[in-house]
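What follows is a single structure, written as structure tokens, with notes after it.
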Amino acid sequence: MEKILIKNGLIVTMNPQGDVIRNGSIYIENDIIKEIGPDTDISNKPGAKEIDAHDKLIIPGMVSCHNHLYSAVVRSIPYSGFESPDFSFVSWMDRFWLPLLEDRVDQEVMYAGTRANVLDHLRSGITTTTDTAEGSYALPGALDAVDQACMETGIRAVLSFETTGRISEENAAMGLQENINFIKKARAREYDRITGRIGVHTTYTCPTELLQEVKKSADELNAGYMMHHLDDRYHHFDTCLRFGKRPTRYLADIGFLSPNLILFHCSYIDQWQDPQIFKEYDVKVAHNAESNAIFSFWPDMLHLIREGVTVGLGTDGQTFNYFEVMRTAQMIHRIKYENPELMKDDQVLRMATIEAAKVLQMEKKIGSLEVGKKADVVLLNDRSSVPIFDVNAINYIVNTCERTDVNTVLVDGEILLQDGKFTKVDEKEVYAKSKEQAIKLWKKNDWPLP
């Protein structure tokens, strides 16, 4: 039995009571938190590995509700595609992202990019990620490559493949089957750190029949499913033109919505009817604040949150610094409404932890530091210029911390990062392989090479 005792830290539990424990300890056996409380209440544990958390904050491992892990290889590419005079997000997707990147992704790119992105996420304090693998010409077996990369690096992950109808009916069927096969594979093995959902692209690339088949398959498997939704105004134009109704109402009318569905982005919801529809069907939402802001979108989650919709944060692949993501989520709402009281610090941190776990329907296992939950734990260095204690700890985490402050990361009680160094993989080798695959992709597009 593996035993770990983390001692003498400031524990921000994110439990329902919002407890912050000064001079606290966490005792872990194998993958489960067995005891948590003040040092004085937790006795020494013979045979346990001890971690001294003096001058450190201890928080739950953070949770990203949306990601494209392979996309580590397409950061900082030497061509943006933004130069076109008819630029819009959809035209950019059609002219640039889909033909030059997504359709040229193979399993080697997926494997290398996923490993690099996982290290970026772990170093940012993210212990659970939710991946939608893209690459319709990497089928079949795309998720096996992503799965292997996640297992080697040790992160907790929910994996899916992005089923799409934009190429052919045969390719759409292959994408859906990729999801089904992986869900069954993940359930059949003892290793439970990686699970599966069904992924599907969005309303304007998937015919009604495909969306209904995705929902039917998810129901038959009793599995979750997830989709991009309203990340651009074009979604409204498309469904109104084809079906005479807005996208969310269309999805409700075809029977697609349910509590097992996660919708990514939702930047352009109809604020007058969508929050009520989401609440009625208990749909979950992944808010990718920083990624959306990069594309000049201004997502507004307040209407959904006020209606009681479950909203968690996500990275969306090319961004990975969760402290930046939290601050971006906070700032875009405060700026829009000119109200510094919106998106309070504890709410934003909850969206990165326990609320994100609720989005994944995993709140009984992760998202907070409580007895009986999985031992997904992050230790942050305290480099503050003022004393940090229970009153201001969450403010410090959200407003001041950086990913460079992440000192130690545990997933399932396994130490993946200790004193800033990875324990399972060679970091330099991982990034070198990612660079190799990036250059291979650039060569395919005749882009400038180093």
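Please treat every number below as a calculation from the coordinates, not as lab data. Since the model is a prediction, treat every value here as computed from it, not as a measurement. Because the Cβ atoms are built from the backbone with ideal geometry, glycine has one as well, and the counts that use them run over all protein chains shown.
Calculated [222 nm] ellipticity per residue, helices only, for the chain: -10500 deg cm²/dmol; basis is -39500 (n - 2.57) per DSSP H run with n ≥ 4, divided by all residues, nearest 500. Of the cross-linked pairs 56/284; 7/374; 49/374, those separated by over 25 Å at the C-alpha level are 56/284.
Volume per residue for segment 330-450 equals 210 cubic angstrom (convex hull of Cα atoms).
Taking amide H atoms as placed 1.01 Å from N in the peptide plane, the amide H of residue 50 lies under 5 Å from those of 5, each 5 or more residues away in sequence or on another chain.
From the P(r) of the chain, can you give the percent of Cα pairs sitting at distances over 29 Å? When all Cα pairs of the chain are counted, 45 percent exceed 29 Å. Between helix 169-188 and the chain there is an angle of about 20 degrees, using the helix long axis and the longest principal axis of the Cα atoms. Loop sites by DSSP among the GluC sites (Glu not before Pro) of the chain, restricted to those with at most 13 other Cβ atoms within 10 angstrom, leave 191-337 as the longest stretch without any of them.
Rg over Rh for segment 231-385 works out to 1.00, using Cα positions for both radii and the Kirkwood form for Rh. Its relative contact order, with pairs defined as Cα atoms under 8 Å and 6+ residues apart, puts segment 218-314 at 27 percent. Arranged from fewest to most other beta-carbon atoms within 10 Å of their beta carbon, 89, 256 become 89, 256. For the chain, modelled as a GNM whose springs connect Cα atoms under 10 angstrom apart, the maximal fluctuation among 242, 123, 197 occurs at 242. For segment 398-403, 3J(HN,Hα) computed residue by residue from phi via the Karplus equation (6.51, -1.76, 1.60; θ = phi - 60°) reads 6, 9, 10, 4, 10, 5 Hz, glycine and proline entered as x.
Entry note, segment 299-419: relative contact order of 24 percent, from Cα contacts under 8 Å with a spacing of 6+ residues. What angle do you read, to the nearest 10 degrees and between 0 and 90, between the alpha-carbon axis of helix 208-221 and the longest principal axis of the chain? Relative to the chain, helix 208-221 is tipped by roughly 40 degrees. Relative contact order of the chain, taken over Cα pairs closer than 8 Å and 6 or more residues apart, is 20 percent.
Against the chain, whose longest principal axis comes from its Cα atoms, helix 322-337 is set at around 70 degrees.
When the inverse distances between all different Cα atoms of segment 104-158 are averaged and flipped, the Kirkwood radius reads 11.2 angstrom. One decimal place: the segment residue 447-residue 431 gains 3.7 nm when fully extended, by the rule 0.36 nm per residue minus the C-alpha distance. Partner lysines whose Cα lies under 20 Å from the Cα of residue 336, excluding those fewer than 8 positions away in the same chain, are identified as 344. Between 428, 364, 344, which gets the highest mean-square fluctuation from a Gaussian network model of the chain, Cα cutoff 10 Å? Of 428, 364, 344, the Gaussian network model singles out 428 as fluctuating most.
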